[in-house]
Structures are given as C-alpha cells and as structure tokens.
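The values are calculated or read from the model by the stated rules, or taken from the named source; none is laboratory data. Keep in mind the model is a prediction, meaning the values are calculated, not measured. FYI the Cβ positions are ideal-geometry reconstructions off the backbone, even for glycines, and counts take in every protein chain you see.
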Amino acid sequence: MRFVPNRLWLGLAAAAAASVLILRTTPARLHGPVPVVLRPPSPRPLLLAGVAIVVATVGWLAFRVWEAGSEADEVARALTGGDPERAPALAVRYGCAGCHTMPGILGADGTVGPPLAGLRERVFIAGVLPNTADNLIAWIEQPRRFSPRTAMPATGITTSEARDVAAWLYGR
C-alpha cells in the first residue's frame with residue numbers, strides 16, 4: 001500500500017464518520033436543516049423543472065388553439081353574419097346532430113349525412129352548390145330547393161338560425 005500522509009487519512013475518516021452521522025440523524029434531532037452539501041442531490045428540482053416546462057408548453061399550445069379557434073369564429077361571423085355560439089343548441093333542436101358528425105357537439109355522431117368538420121375548405125356544398133356563405137345558408141334552410149332527391153329534410157329552420165349554424169360550420 002502506498003504511503004498516504006496522516007492528515008489525509010484523518011480527513012477521510014472524519015468525512016466518513018460525518019456522513020454516517022448525517023445519514024442516521026433526522027432533521028428533528030438536529031433542530032435544524034440537514035446540511036445539503038453532504039446529502040446526495042435530490043432529483044426533485046429537476047422533476048419540478050420538467051413539470052414546469054411541460055405545463056408551460058401545454059398552456060402555450062392551449063392558448064394557440066384557443067386563439068386560432070377565436071380567429072376562425074371571427075372569420076365565420078364576418079362571412080355569414082351569424083353567431084356560432086348559438087349553433088350547438090340549434091343543431092340538436094333541428095336534428096342536425098342525428099344525421100351528421102359535428103365536432104364539439106355532444107351526441108352529434110350521426111352517419112347518415114357527411115361529417116361537417118372542415119366545411120369551409122370544401123369546394124362544394126352537398127356536391128351541388130359552390131361553397132359560399134349565402135349558398136350554405138340557403139342549403140341549410142331549404143336543401144330540396146337545390147337537390148330534390150337529397151336525404152336532408154326541410155327542418156323549418158329560420159334564416160337567422162341558418163346563419164348561426166353556418167357560422168359555426170365555417171368556424172370548425
């Protein structure tokens with residue numbers, strides 16, 4: 001064994017004894033905090049930092065989705081003159097939700113008619129009308145006027161209510 005100065009041995013022995021005492025002594029017995037220098041580092045700060053980063057990222061993404069949704073609603077209001085917030089209740093009341101899948105409306109999972117998500121990006125309404133706000137409103141009001149053999153019934157919806165539904169459809 002190589003010769004090591006006595007002071008080094010003494011320092012190592014003191015450090016070992018101190019670490020044993022610290023590991024076996026609880027903070028209550030010390031009447032104060034345990035020195036952090038001699039305790040193994042806790043993973044808690046890294047875990048908390050990771051959670052904070054995840055929460056901040058999710059919050060930012062949720063804000064971006066909300067912001068995009070509100071922008072789409074504003075565009076839809078401008079196109080149709082309707083209020084998209086009234087549409088979910090109207091879709092249930094007039095039976096739209098029974099035949100169509102409509103995102104965001106509870107129970108609107110029908111498969112008789114086409115799904116109504118992304119309607120603003122489509123070229124045609126029901127395959128027969130160019131996709132404009134006026135055509136969509138007219139289609140919602142009286143579909144058989146444009147396509148006598150369509151399965152979509154005349155529901156009795158008013159022009160004002162059709163504007164609201166059209167605004168909601170264009171906002172999704």
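In table form, for the structure just shown:
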| item | result |
| --- | --- |
| Pick from region 79-94, criterion under 23 Å from the mean Cα position of the chain (by Cα) and of a type outside the set (A, V, I, L, M), ranking: surrounded by the most Cβ atoms within 10 Å (Cβ to Cβ) | Pro84 |
| Cβ-Cβ under 6 Å pairs, at least 6 apart or on other chains, region 134-146 side within 14 Å of Leu116 (Cα to Cα) and of a type in the set (Phe, Trp, Tyr), far side in a helix (DSSP H, G or I) and modelled with pLDDT of 95 or more | none |
| Top-ranked residue of region 147-172 - restricted to ones that are of a type in the set (Gly, Ala, Ser) and not in a loop (DSSP other than H, G, I, E, B), ranked as nearest to Ala72 (Cα to Cα) | Ala167 |
| Checklist (1) in a helix (DSSP H, G or I); (2) without any contact (Cβ under 8 Å) to a residue 60 or more places away in the chain; (3) hydrophobic (A, V, I, L, M, F, W, C); (4) in contact with a Pro (Cβ under 6 Å, 6 or more places away or on another chain) applied to Ile105, failing item | (1) |
